Structure formats: structure tokens, C-alpha cells
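A.B. asks: Handing you this structure, nothing more for now.
The values are calculated or read from the model by the stated rules, or taken from the named source; none is laboratory data. Remember, it's a predicted structure, so these values are computed and weren't measured experimentally. When we count neighbours, we look across all protein chains shown, and the Cβ atoms used for this are built from the backbone with ideal geometry, even at glycine. For accessibility, only protein heavy atoms count, side chains too; no ligands or nucleic acids. Shrake-Rupley method; radii C 1.70, N 1.55, O 1.52, S 1.80 Å.
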Amino acid sequence: MNYIMKVLIIEDDHTLANNLGNSLCKEGFVVDLAFNKTDGLEQIEIYQYDCVVLDINLPDGSGFDVLKELRSEKNNTPIIIVTARSQTEDKVKGLNFGADDYVSKPVDSNELIARIRSIIRRAANGALPSIICGELTVKPAEHFASIGKNILELTAKEFSVLEYLAIHNGQVVTRAMLMEHLWGSDFETFSNVIDVYVRNLRRKLEPYSKLELIKTIRGKGYILKND
């Protein structure tokens, strides 16, 4: 079972962004799109991404500005710059500002996917610590979850739901937030699929815990609490 990787593409060329997004989705990534600097920064502030694919030329600013702002805020999300510019000085500039890799247009989707996987693996070696919520331990990089000494056998989607609840331990998480985390922007808010995953999770947690770890907040969503 693999950790579900979430990627944000910030690219003002809608056709290119959609094509890259479709290629990534076919490889099992969850993909969000932003077509300008402002929307991209807003999405990064709200959601946690494993990688950002960033165009340099944006309608409301430069990708370099996005990069500088994120790194100045100590946001270490892996970033791949994609641009039509091929000059060495631009590559050096991007790397100096904190980019993890640099790909020139036209973009080969297979090469980009390989580079994304590579930098996510590198980042995971030291950037995805264990999440401990009382007796529950979640290790995102290893797709590992346990209650005490009991290892939980979870599907990829069940693990992703548990991981998201653990990250927001003690906070109410809505169904829409979970749908967005699992499938990106393309989801149906009326779907009961999240309820199914949560029900399955509870069934797998119950034998190992005296606590009701995942509680339903009527009319709002769910909360993971260890007390």
C-alpha cells in the first residue's frame, strides 16, 4: 500500500495544467490546479501538499516570488519550477531561492512524474515525522498506523482519512475537507463515501482501543480525540 501523494500545479496555461494534472492522476496522485500566484498561495496556506509544480511566468506575479515567500515562511514543501526559460541563470536563480528541481518546457510528463516521485522520496526521509495522538501512532512516509503495539491493516484511502484526522487532532474536519484531501477539487459534496471510510476505520480501531477515537460532530463532520 502506498502513501497517497498530493500535488499542486500552479500554471497559467490551462491546457498544459490540465494535461499534466490528468497524467499525474493516472499515476495515482491527487492533483489540485491553480492558474495564478494568488490562488496558488491561498491553496498552499490551506492544504498540505507533497510537491508543488510551479510556473515562472504567472499573470499576477513571478513564480520566483512564490518560491521566495514560501521559503521565507519556512515552508519546505518540495517545489519543481517549470518554465519556458532555459537560460542557465534562471535555473541558478530558482535553485538559489530554494527550488528542488527545474524542468523546461515543453514538459515531458513521464520525466516530470519521475522527478516528482524522486523529490518526494527525498523529502520523506526526513520531513514526515510520526504523528502521535495518545495511543495512536501514524507514520505518513511509511504508510504505517498502530494503536499501542497493534499494527492497523488499512487500505490506502482509509489510511489517508486517518492521517488527515490525526494531523488535525482535536479539530473538527468536515466531509468536504476529507473529500478535497482524497480526490482534489473534483468531488461531489453529497457523496456518502467518506462515511463509509470512517465506518470501516472505526471497525478496525475498535478492537484495540477502549476510547472512541473518531467522533461524529452532528451537522459538521468528524474529530479525532484521544481522551
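A.B. asks: Would you tally the residues in segment 145-159 being open to solvent by less than 50 Å² (accessible area, probe 1.4 Å), modelled with pLDDT of 85 or more and not acidic (Asp, Glu)? Give the derivation first.
C.D. replies: Residues of segment 145-159 open to solvent by less than 50 Å² (accessible area, probe 1.4 Å): 145-147, 152, 154, 156, 158-159.
Subset that is modelled with pLDDT of 85 or more: 145-147, 152, 154, 158-159.
With not acidic (Asp, Glu) added as a condition, the list becomes 145-147, 152, 154, 159.
The total comes to 6.
A.B. asks: Working only within segment 10-48, note down all residues that are open to solvent by less than 20 Å² (accessible area, probe 1.4 Å) and out of contact with any helix residue (DSSP H, G or I) (no Cβ under 8 Å at 6 or more places or on another chain).
C.D. replies: Scanning segment 10-48 gives Ala17, Gly21.
A.B. asks: Please indicate, with yes or no, whether at least one residue in segment 29-42 is polar (S, T, N, Q) and touching a residue at least 12 places away in the same chain (Cβ under 8 Å).
C.D. replies: yes
A.B. asks: Provide a single number: the residues in segment 49-66 that are part of a helix (DSSP H, G or I) and crowded, with 22+ Cβ neighbours inside 10 Å.
C.D. replies: To start, the set of residues in segment 49-66 that are part of a helix (DSSP H, G or I) comprises 63-66.
Then drop every residue that is not crowded, with 22+ Cβ neighbours inside 10 Å, which leaves 63, 66.
Qualifying residue count for the region: 2.
A.B. asks: Taking Lys93 and the conditions (1) more than 19 Å from the chain's Cα centre (by Cα); (2) surrounded by fewer than 14 Cβ atoms within 10 Å (Cβ to Cβ), which numbered condition does it fall short on, given that it satisfies the others?
C.D. replies: In the conditions (1) more than 19 Å from the chain's Cα centre (by Cα); (2) surrounded by fewer than 14 Cβ atoms within 10 Å (Cβ to Cβ), Lys93 misses (2) alone.
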